[in-house]
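Have a look at the structure below, then the notes.
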Amino acid sequence: MWEQIRANQTRSVVLTAGMGILLLLLGYFLGLYFFESGIGGLIIALIVWGLMSLVAYFQGDNILLAVSRARKISRDDHPQLYNVVEEMKIASGLEKMPDIYIIDDPALNAFATGRNPDKAAVTITSGLLAKLNRDELQGVIGHEISHIKNRDVLLMAMCAVMLGTIVILAWYATRVLFFSGMAGGRRSSGSGGGQGQIIILAVGILLMILAPIAAQLIYFAISRKREYLADASSALYTRYPEGLASALEKISASTAQLKSANQATAPMYTVNPFRKEGKPASNLTSTHPPISERIRILRAMSGASLSDYDQAYQQAKGGTGIAPASALALDGLAGGAALRAPSPEAKPVEEFPQKVERARETSDLMWRLNDYKTVNCTCGTKLRVPPRFKESTVRCPHCGRTNSV
Amino acid sequence: MVAVYIIIGIVAILLIFFIATYNGLIRLRNQLRNAWAQIDVQLKRRYDLIPNLIETVKGYMKYERATLEAVTKARNLAQSLASGDVGARSKAEGELSGALARLLAVAENYPDLKANQNFLALQEELTSTENKISFSRQYYNDSVLKLNNKAQMFPSNVVASMTGFKLGEFFEVTIAEEREAPKVDLT
C-alpha cells in the first residue's frame, strides 16, 4: 500500500518537472526576443522564481495564516478539536503535534500548512467545526494531517510559486510587447533580423499565451492527485471512510464562500474555497476533484487500506453502472474538470477577457484528444461525454433536457 | 586491471546497499518501539482519568454501584498487570475498555449527569483516550507490517537474517469494536 504513495509521488515529481521546463522555455524565448539572449531571459526567470520560492519556503505559512486571519488555539480553547488532531497525529505516526488554528468564518473549510512535518499546522473554519460531529471532524483532520505527512504542503507551495512566476513573466512580457508595439515597432527598425526574428516572436507570443494555461492545467492535475491521495490516507488513518464522506457531503451542501482565501492558496483547502454564491460546491472545482466523486469513492471502499481506495477509485473511474448517466457526463473521469467553463478564479490575469475563451478552447482540445464527445445542449451547457459512455442519450445536468449523443 | 575495478565497484555497491538496508531496518524497529511506547502512554492516561470519572458520576448514579465497581476493579487489575506479560495485560485492558463502555452507556440514562460540564469534559477525554489507544495500536501494527515486510522480502531479508533481526509481533485486538463510541444500552 505504501508503494502507491510512492508511485503517486513520482507522478507529482514528473508533473512538477514539466512545469519547471515550461518556466525555463518561457524565460528563454522571452529573453531571446527582448534582449536577444536566451540565457539572459533564463537567468531572469530563475532569479524571479528563486526569490519567490525562498519567500514561500520560509515565510509561506506565516503569510498564509496571517492572510486568512487565523488564530492559534490551545488545548483548553477547544479540547475536542485538540484531541481529534492528536488522535490523527498518533494514527499517522507524525512525530510532532501540529499547531491548530481556527478561522472565524461561517464557510466550511480546512487546510494544512508547514514546509515540513515539524513545522506543520492545521487550520479549520469555525463554521466547519460547529457543523461536524466527532467522526466527521476526524475524517477532515485526517485528510489535513495526511497532506502534512505526504509533504503535499511543500510540493503544492513550490508548484504555486512556479505557476505564479510563469503568470507574472507572461503578463509583463505581454504588457511590454503591447506598449512597444504601440510605440511604433521599436524592434523592427533596429535589428531587422528578418525571418529568425519573426519565428522567435511567434514562439514567444505562443508561449506567453499558452504557458500560463498549461502551467495551470498541470498545477490542477497535481493538486487533484494529492487530494485523492489525502482522502485515501485519511480513510487509512481513521479506518472509517464514512466520516470523511459525510463531512464532504455537509461541506458540499453549503454555499458560503471563504472570504480570506485566494487563488494561490486554493489547493491547500479541503474543498475548493472559491465556489460561486448559490451554487453547490460540487460543480465548480478545478483545483479539487468533484466532491460527489470523492464521496462516491469513499463510500465504495470495501476496507480502509489504500488499495481498497484504489479499487473504489478505479471502479468509479471505470464508471459503468455505478453512476447515473448525468453524473457520468458531469464528472465521468476521476478528477475531471468542471463541466462548465473553468471558474473565474482560474484566470489570474483579469485584464484579458479573451483568456477565458482561450482557456476553454484549450481544455476542449484536451478533452477531444482523450476521445471525449462534446454535446451542445440547448441551454448553452457543453456536455463532455466520456468514450466509454454507451447509452445513446444523455441528460443535461443543468436544465434536465435529454440530448442524443 | 579493469576486472579489479569492476570487483571493487561491485563490492562498494553491495556495501552501500547493505548499509542503507540495515539503517532502514533500524529506523523501522525504532519506529516500532516508539509506537509501542505510545500505547503505554495512552493506557496510563486512562488509569489517571478513571478515578476522576468515578468521583464525578458517583453522586448521580447511586443505583449503579455494580457498574462503577466493575470499572474500578478492572482499572486496578489492568494497572497491576502493566509491567506483566503482554497477553494477560491486553486481556485486562480489554476488560477495562468493556467496563468503561458500559459505564458511559448507562450514563446516557441520567440527564442531570449529561448536563454536568465536568462529566462532559471527562467523557470527551475518555472517548479521545480510547481512540488514541486504538490509533496507537493501529499505528503499531502498521509499523510491524512494514518491518516484517522488509525483514522477509528479498533482498532486504538477506541483511535482516545476517544481522539477526527479529520480526515484530502484531498486537491482537481482544475487543471487537472498541473504537466505536458506546451506543448500546444494556438492559
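Quick notes on this one:
- Exclusive hit being at pLDDT below 85, away from every other protein chain (no Cβ under 14 Å) and not in a loop (DSSP other than H, G, I, E, B), set B:ILE26, B:ILE54: B:ILE54
- The set of residues in the stretch A:25-82 being among the charged types (D, E, K, R) and either closer than 30 Å to A:ILE198 by Cα or surrounded by 15 or more Cβ atoms within 10 Å (Cβ to Cβ) (or both) consists of A:GLU36, A:ASP61.
- B:PHE165 vs. criteria buried (at least 16 other Cβ atoms within 10 Å of the Cβ), in contact (Cβ under 8 Å) with a residue 40 or more places away in the chain and within 14 Å of another protein chain (Cβ to nearest Cβ): no
- Qualifying residue in the stretch A:153-171 (condition: part of a helix (DSSP H, G or I), within 14 Å of chain B (Cβ to nearest Cβ) and out of contact with any Leu (no Cβ under 8 Å at 6 or more places or on another chain)): no
- Counted residues, the stretch A:64-83 - those being in contact with a helix residue (DSSP H, G or I) (Cβ under 8 Å, 6 or more places away or on another chain), among the hydrophobic types (A, V, I, L, M, F, W, C) and modelled with pLDDT under 90: 3
- The lone criterion from (1) more than 30 Å from B:MET162 (Cβ to Cβ); (2) within 14 Å of chain A (Cβ to nearest Cβ); (3) of a type outside the set (Ser, Thr, Tyr); (4) surrounded by fewer than 17 Cβ atoms within 10 Å (Cβ to Cβ) left unmet by B:ARG33 is number (1).
- Residue within the stretch A:9-32 that is part of a helix (DSSP H, G or I), under 21 Å from the mean Cα position of the chain (by Cα), farther than 30 Å from A:SER126 by Cβ and charged (D, E, K, R) present: yes
- Which listed residue is assigned to a loop (DSSP other than H, G, I, E, B), among the polar types (S, T, N, Q) and at pLDDT 55 or above, from A:GLN197, A:GLN257: A:GLN257
- Criterion (assigned to a loop (DSSP other than H, G, I, E, B) and either touching a strand residue (DSSP E or B) at 6+ places or on another chain (Cβ under 8 Å) or farther than 26 Å from B:ILE26 by Cα (or both)) met by exactly one of B:ASN109, B:ASN118, B:ASN131: B:ASN109
- Residues (within 14 Å of chain B (Cβ to nearest Cβ) and touching a residue at least 40 places away in the same chain (Cβ under 8 Å)) located in the stretch A:94-121: A:LEU94
- Of all residues in the stretch A:148-194 being among the basic types (Lys, Arg) and farther than 22 Å from A:LYS119 by Cβ, the one that is modelled with the lowest pLDDT: A:ARG186
- Just one of (1) in contact (Cβ under 8 Å) with a residue 24 or more places away in the chain; (2) not in a helix (DSSP H, G or I) fails for B:ALA35. It is (2).
- Restricting A:ALA120, A:ALA107 to those that are modelled with pLDDT under 85 and buried (at least 20 other Cβ atoms within 10 Å of the Cβ) reduces the list to A:ALA107.
- Just so you know, in the stretch B:146-157 the residues that are farther than 17 Å from B:ASN34 by Cβ and either at the interface with another protein chain (Cβ under 7 Å from one of its Cβ atoms) or in contact (Cβ under 8 Å) with a residue 60 or more places away in the chain (or both) include one that is nearest to the chain's Cα centre (by Cα), and it is B:ALA151.
- A:ALA235 of a type in the set (A, V, I, L, M), surrounded by 17 or more Cβ atoms within 10 Å (Cβ to Cβ) and within 14 Å of chain B (Cβ to nearest Cβ): yes
- Whichever residue in the stretch B:92-145 is closer than 15 Å to B:ALA70 by Cβ and among the charged types (D, E, K, R) and, among such residues, is nearest to the other protein chains (Cβ to nearest Cβ): B:GLU93
- When residues of the stretch A:63-81 are limited to those that are of a type in the set (S, T, N, Q) and in a loop (DSSP other than H, G, I, E, B), the one nearest to the other protein chains (Cβ to nearest Cβ): A:SER74
- Checking A:ILE90 against (1) outside any loop (DSSP other than H, G, I, E, B); (2) away from chain B (no Cβ under 14 Å); (3) of a type in the set (A, V, I, L, M), the condition it does not meet: (2)
- Qualifying residue in the stretch B:1-10 (condition: more than 14 Å from every other protein chain (Cβ to nearest Cβ), at pLDDT 85 or above and touching a helix residue (DSSP H, G or I) at 6+ places or on another chain (Cβ under 8 Å)): no
The values are calculated or read from the model by the stated rules, or taken from the named source; none is laboratory data. Keep in mind that this is a model prediction, so the values were computed, not measured. No Cβ is skipped: glycine too gets one built from the backbone with ideal geometry, and neighbour counts run over all protein chains shown.
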